[in-house]
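The values are calculated or read from the model by the stated rules, or taken from the named source; none is laboratory data. As the structure is a prediction and not an experimental result, all values here were calculated from the model. Glycine gets a Cβ as well: all are built from the backbone with ideal geometry, and neighbour counts include every protein chain shown. Ligands, DNA and RNA are excluded from the accessible area calculation, which covers all protein heavy atoms including side chains. Shrake-Rupley method; radii C 1.70, N 1.55, O 1.52, S 1.80 Å.
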Amino acid sequence: MKLSDFDFDLPEALIATRPASPRSAARLLVAEGDGIADRVVRDLADILQPGDRLVLNDTRVIPARLSGTRTRETGQGPATARIEATLLEPRPDGTWAALMKPLRKVREGEEIRFSDRLSARVERIAGGQADLRFNLAGDDFDAALAEAGDMPLPPYIAALRAPDAQDKTDYQTVWARRAGAVAAPTASLHFDAQLLARLAARGVTFTHVTLHVGAGTFLPVKVEDVTTHRMHAEWGEVTESAAAEINATKAAGGRVIPVGTTALRLIETAARSGRVEPWRGPTDIFIYPGFAFHVTDALITNFHLPKSTLLMLVSALMGSERMRRVYAHAVASGYRFFSYGDASLLIP
């Protein structure tokens, strides 16, 4: 498999910079077998069947994008430079890995002030990243970060507009619970309370798992032989009760349908034995055509970037030629792409 096998032309006008409102008003492409139907997300309450189980990622996105300043004494007096930071993940030693812009203006040992309450010392610089030690921890850190930070919009949205206050609502799922992600599980953004209630009334059940989505989800694939690509690791958890619920649905003949590629990657990580086992820790599972799915029966997901690992994942589920036809239909029909875009229901 070559990287070029997963390329396609996408007009920039189809990149969504705002979500549909209400959430469940987004368009939904349903691909089942060889058929394609154009629907709306709220139609899921009619499309899904009693006994189906949706697997939902309950990670919570932190406002990881920070703007601050560092000050140095020079012969001409204090010199101040503006520094942008995007938090990536916490380190075991209590620091945060971060991307810094411009990194060349930062030195180890310097303090960067992000607000009156929040500052950080640059502990290390290596590999194009910095490790930051903040002056606050726990609930105090969370509160100060919520005040000072912006949502870390994906690069393809941030290139078209700056994040704003509305994104703190829009870029968060309605069931977000466990803070730690620096990117949203975006297929889940289409669900609102009304749709969840209608699905429950239909007899659809829900299981919550956690995968803290990292910024590595946006890293491009740089190798032509895609099988040699190394995935970034992300921390996840499938509890004992979540595993039992999923296995019970499979045993009863119901369908297990992850909402989003993050939930899919996590439950397939936990199911390498053939059934879902409790799981807690990092996963770097890479799913591309030829992958053996053990638990996923269908997938709700957005439309993904050309040459991305996410496009490889859906091609593994549906078949590469089938996905080429699905994406050609989506482009020709004006579906909105990427994180704030429209959705698809993929049923192999």
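So, for the range 218-286, what is the accessible surface per residue at a probe of 1.4 Å, expressed in square angstrom? List each step's numbers first, then the result.
On the way: 3200 Å² over 69 residues.
Roughly 46 Å² per residue, with all protein chains present.
Based on the Cα coordinates of the range 268-342, what is the per residue volume of their convex hull in Å³? Please list the in-between numbers first.
Numbers: hull volume 8.1 nm³, N = 75.
Hull volume normalised by residue count: 107 Å³.
Give me the percent relative contact order of the chain, please, defined on Cα pairs under 8 angstrom at least 6 residues apart. Numbers along the way, then the final one.
On the way: 732 pairs, mean separation 86.0, N = 348.
Dividing the mean separation by the residue count of the chain yields 25 percent.
Mind jotting down the distance between the C-alpha centroids of the range 200-258 and the range 322-339, whole Å?
Here the two parts' Cα centres lie 23 Å apart.
Percent of Cα-Cα pairs more than 15 Å apart in the range 167-207, please. Please report the intermediate quantities before stating the final value.
Working: 376 of 820 pairs.
Above the 15 Å cut-off, the range 167-207 has 46 percent of its Cα pairs.
Give, rounded to the nearest 20 debye, the magnitude of the charge dipole that the range 229-348 has about its Cα centre when Lys and Arg contribute +1 at Cβ and Asp and Glu contribute -1 at Cβ.
Numbers: 12 positive and 10 negative charges, 82 e Å.
Value, rounded to 20: 400 debye.
Top to bottom by accessible area (1.4 Å), largest first, where do ILE246, ILE285 land?
Details: ILE246 0, ILE285 25 Å².
Most to least solvent-accessible, the answer reads ILE285, ILE246.
Across bins of 20 angstrom width beginning at 0, how are the C-alpha pair distances of the chain distributed, in whole percent?
Per 20 Å bin, starting at zero, the Cα-Cα P(r) for the chain comes out as 29, 56, 14, 1 percent.
What value in Å³ per residue do you get for the convex hull of the alpha-carbon atoms in the range 97-162? Display every interim value, and only then the final one.
Working: hull volume 7.1 nm³, N = 66.
For the range 97-162, the hull spanned by Cα atoms encloses 107 Å³ per residue.
Per Stokes-Einstein, at 37 °C and 0.692 mPa s, what whole-number D in µm² s⁻¹ belongs to the range 230-287, with the Kirkwood radius over Cα pairs as the hydrodynamic radius?
281 µm²/s
For the range 104-176 and the range 20-95, compute the distance between their C-alpha centroids and round to whole Å.
Here the answer is 14 Å between Cα centres.
Report, to the nearest whole %, how much of the accessible area of the range 53-183 belongs to carbon and sulfur atoms, 1.4 Å probe, protein only. Could you put the intermediate results ahead of the total?
Numbers: 3010 of 6400 Å².
Carbon and sulfur: 47 percent of the exposed surface of the range 53-183.
Among ALA144, THR71, VAL30, whose Cα lies farthest out toward the positive end of the dipole of the range 27-156, if unit charges sit on the beta carbon of Lys, Arg (+1) and Asp, Glu (-1)?
THR71
Roughly how big is the chain's charge dipole about its Cα centre, with Cβ charges of +1 (Lys, Arg) and -1 (Asp, Glu), in debye to the nearest 20?
Values: 41 positive and 42 negative charges, 59 e Å.
Dipole magnitude for the chain comes out near 280 debye.
Show that you can apply the helix-only estimate: for the chain, add -39,500 (n - 2.57) for every DSSP H stretch of four or more residues, divide by all residues, and state [θ] at 222 nm to the nearest 500. Present the calculation step by step, with values, prior to reporting the outcome.
Numbers: 9 runs with 77 residues, N = 348.
My calculation for the chain gives -6000 deg cm²/dmol from helical runs alone.
Order ASP297, ASP9, ASP93, most accessible first, counting only protein heavy atoms with a 1.4 angstrom probe.
ASP9, ASP93, ASP297
Counting heavy atoms of the protein chains only and a 1.4 Å probe, report the per residue accessible area for the range 61-216 as a whole number of Å². It would help to have the intermediate numbers written out before the result.
On the way: 7340 Å² over 156 residues.
Accessible area per residue, the range 61-216: 47 Å².
May I ask which residue of MET312, ASN57, ALA98 lies farthest towards the positive end of the charge dipole of the chain, with charges of +1 (Lys, Arg) and -1 (Asp, Glu) on Cβ and the Cα centre as origin?
ALA98
What's the angle, to the nearest 10 degrees (0 to 90), between helix 309-318's Cα axis and the longest principal axis of the chain?
10 degrees
Only bridges with both residues in the chain count here: give the DSSP antiparallel percent, nearest 5. Provide the component values of the computation, followed by the final result.
Values: 48 of 66 bridges.
Close to 75 percent.
Considering only protein heavy atoms, what is the solvent-accessible area of SER320 at a probe of 1.4 Å, reported in Å² to the nearest 10?
We get 40 Å² for SER320.
Quote the convex hull volume per residue of the range 209-262, based on C-alpha atoms, as a whole number of Å³.
On the way: hull volume 6.2 nm³, N = 54.
Hull volume over Cα atoms, normalised by residue count, gives 115 Å³.
Could you check how much of the accessible area of the range 269-348 is carbon and sulfur, as a whole percent, using a 1.4 Å probe?
Working: 1510 of 2800 Å².
Taking all protein chains in place, the range 269-348 shows 54 percent carbon and sulfur surface.
Short version: what are the Cα gyration tensor semi-axes of the range 46-174, square root of 5 times each eigenvalue, largest first, in whole Å?
Working: eigenvalues 231, 52, 39 Å².
Semi-axes (√(5λ), whole Å): 34, 16, 14.
At q = 0.09, 0.17, 0.22 Å⁻¹, work out log10 I(q)/I(0) for the range 144-279 with the Debye formula, treating every Cα as an identical point scatterer and leaving solvent out; two decimals please.
Values, matching the q order: -0.34, -1.09, -1.41.
Relative contact order of the range 164-214: what whole-number percent is it, with Cα pairs under 8 angstrom and at least 6 residues apart? Walk me through the numbers on the way to the answer.
Numbers: 31 pairs, mean separation 22.8, N = 51.
Reported relative contact order: 45 percent.
Are there any trypsin sites (Lys or Arg not before Pro) in the range 70-133 that are in a DSSP loop and have at most 12 other Cβ atoms within 10 Å? List them by number. Intermediate values should be presented prior to the final figure.
On the way: sites: ARG70, ARG72, ARG82, ARG104, LYS105, ARG107, ARG113, ARG117, ARG121, ARG124, ARG133; in loops: ARG107, ARG117.
Here the trypsin sites (Lys or Arg not before Pro) that fit, given the DSSP loop and packing criteria, are ARG107.
Report the accessible area of ARG255, computed with a 1.4 Å probe over the heavy atoms of all protein chains in place, in Å² rounded to the nearest 10.
My reading of the accessible area for ARG255 is about 40 Å².
What size of dipole, in debye to the nearest 20, comes out for the range 76-133 about its Cα centre when the only charges are +1 on Lys and Arg C-beta atoms and -1 on Asp and Glu C-beta atoms?
Values: 11 positive and 9 negative charges, 40 e Å.
For the range 76-133, the charge dipole is close to 200 debye.
Just the accessible area for HIS208, please: 1.4 Å probe, Å², rounded to the nearest 10?
It works out to around 80 Å².
Residue farthest toward the positive end of the dipole of the chain, with Cβ of Lys/Arg at +1 and Asp/Glu at -1: which of ALA330, PRO220, THR173?
My answer, from the dipole projection, is PRO220.
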